[in-house]
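**Q** Here it is, the structure, as structure tokens.
The values are calculated or read from the model by the stated rules, or taken from the named source; none is laboratory data. Model, not experiment: these values are computed from the prediction. Glycine gets a Cβ as well: all are built from the backbone with ideal geometry, and neighbour counts include every protein chain shown.
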Protein chains: 2
Amino acid sequence: MIELGWHIIAELNGVDPRILDDEKYLVETLKNAAERADLTILSVKTHKFNPQGVSVVVVVAESHIFIHTWPEHRYAALDIFTCKSEESTWKAYKFILEKLKPGNTQVIMLKRGIVTHNNAMNLTVNAEGTTAAKGEVIVE
Amino acid sequence: MIELGWHIIAELNGVDPRILDDEKYLVETLKNAAERADLTILSVKTHKFNPQGVSVVVVVAESHIFIHTWPEHRYAALDIFTCKSEESTWKAYKFILEKLKPGNTQVIMLKRGIVTHNNAMNLTVNAEGTTAAKGEVIVE
């Protein structure tokens, strides 16, 4: 496989709903995560939902970080996609985790790029930055 | 599982590199895809890389659509995340496929939300909008 990007997809559960509804805090967290991971911030776009919930997208030269939050479920969907390095992507993720302190998380590292054998997408399942298992999802 | 969002992750291979380097065409395609899927566009952010490649993020009230392209590899990474409906998410995807005409695609539909059993993330593998297989990735 020619790896062109590293994409962390995380389900964050059990997060303090006040944090998940705090637009400013979320923006700062994602921006700081990008800086920690040596990513170049191009723009930040946020949307505050009524009565609750926030979307933040940080577009970086090396792709993007976004979070969509559902404070009423204490849940956030987090994606970090970079074409910098796998290590850098995990660095941003760990920083965000420290700031959001979810009670429970599910995370996958999806390697994006060109699969050199037919019709397969590689999924590397990863917890805490160390490969826990490797799965492959075959699409018809 | 409480489903809160539907996330299509697609690897598009064998796309005409002129299309993949055409910022205006990509923006129009993603905006039209959002409209087809009855999504409300909040903002569009693009970045043109030197010497080639484009990133486009369309932030919609129902989450986002992004594409990152590598014309030199005839490859694009496409993500469509909506909290509208699974059907709507596939509608946007199919529209984009018609416009980009990849020679080969891998796609997964990831259902985002709260998993009610411990430490599992459900992945529904999907091709052409019909469920082909269902996989589950267990994280330590």
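**Q** Just a yes or no: is a residue in the stretch A:32-45 basic (Lys, Arg), in contact with a strand residue (DSSP E or B) (Cβ under 7 Å, 6 or more places away or on another chain), part of a strand (DSSP E or B) and crowded, with 17+ Cβ neighbours inside 10 Å?
**A** Yes, because at least one residue in the stretch A:32-45 is basic (Lys, Arg), in contact with a strand residue (DSSP E or B) (Cβ under 7 Å, 6 or more places away or on another chain), part of a strand (DSSP E or B) and crowded, with 17+ Cβ neighbours inside 10 Å.
**Q** Between A:LYS94, A:LYS99, A:LYS45, which is in contact (Cβ under 8 Å) with a residue 12 or more places away in the chain, facing chain B (nearest Cβ under 7 Å) and of a type in the set (Lys, Arg)?
**A** Result of the check over A:LYS94, A:LYS99, A:LYS45: A:LYS45.
**Q** If you don't mind, there's one more thing I want to ask. Run down A:PHE66, A:PHE95, A:PHE81 and say which single residue is modelled with pLDDT of 95 or more and outside any strand (DSSP E or B).
**A** It is A:PHE95.
**Q** How many residues does the stretch B:48-84 contain that are at positive phi and more than 9 Å from chain A (Cβ to nearest Cβ)?
**A** 1
**Q** Looking at (1) more than 26 Å from B:ILE108 (Cα to Cα); (2) of a type outside the set (Gly, Ala, Ser); (3) at pLDDT 95 or above, which one does A:VAL54 not meet, given that it meets all the others?
**A** Of (1) more than 26 Å from B:ILE108 (Cα to Cα); (2) of a type outside the set (Gly, Ala, Ser); (3) at pLDDT 95 or above, only one is false for A:VAL54: (1).
**Q** Across the stretch A:4-31, what is the total count of residues that are surrounded by fewer than 21 Cβ atoms within 10 Å (Cβ to Cβ), more than 11 Å from chain B (Cβ to nearest Cβ), touching a residue at least 60 places away in the same chain (Cβ under 8 Å) and not in a helix (DSSP H, G or I)?
**A** Total meeting the criteria: 1.
**Q** Given (1) surrounded by fewer than 19 Cβ atoms within 10 Å (Cβ to Cβ); (2) in contact with a strand residue (DSSP E or B) (Cβ under 7 Å, 6 or more places away or on another chain); (3) of a type outside the set (A, V, I, L, M, F, W, C); (4) modelled with pLDDT of 95 or more, identify the lone condition not met by A:GLY103.
**A** So A:GLY103 meets the others, but not (4).
**Q** Tell me which residues, restricted to the stretch B:1-32, are within 19 Å of B:LEU110 (Cα to Cα) and within 13 Å of the chain's Cα centre (by Cα).
**A** Passing the criteria: B:GLY5, B:TRP6, B:HIS7, B:ILE8, B:ILE9, B:ALA10, B:GLU11, B:LEU12.
**Q** I've got another one for you. Scan the stretch A:39-93 for residues that are β-branched (Val, Ile, Thr) and more than 12 Å from A:LEU26 (Cβ to Cβ) and jot them down.
**A** A:THR40, A:ILE41, A:VAL59, A:VAL60, A:ILE80, A:THR82, A:THR89
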